[in-house]
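For reference, the structure is listed below as structure tokens.
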Amino acid sequence: MTSNDTQHDTMRRKPLLDAAHEEMVKFERKESEFRKKDREERAAELHLPLNELKVH
């Protein structure tokens, strides 16, 4: 494989890698929001003062 072929393959993969990374970031953001909402709902069901607890 020549360096020109390698460069061409890299240029073809970059948009795919960028799109995959963007989708992963979106998923992680949604997952984080879901976990926060779930934690708040469970705290409300158990009547826990979530604001006073240190949640990481």
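Counting 0.36 nm for each residue step from residue 14 to residue 44 and taking away their Cα separation leaves a gain of 6.3 nm. Evaluating 6.51 cos²θ - 1.76 cosθ + 1.60 at θ = phi - 60° for every residue in region 18-26, the Karplus couplings come out as 4, 5, 5, 5, 4, 5, 5, 5, 4 Hz, glycine and proline recorded as x.
Read-outs: derived from the displayed coordinates by stated rules, not from any lab. If you're wondering where the values come from, they're calculated on a predicted model, not measured in any experiment.
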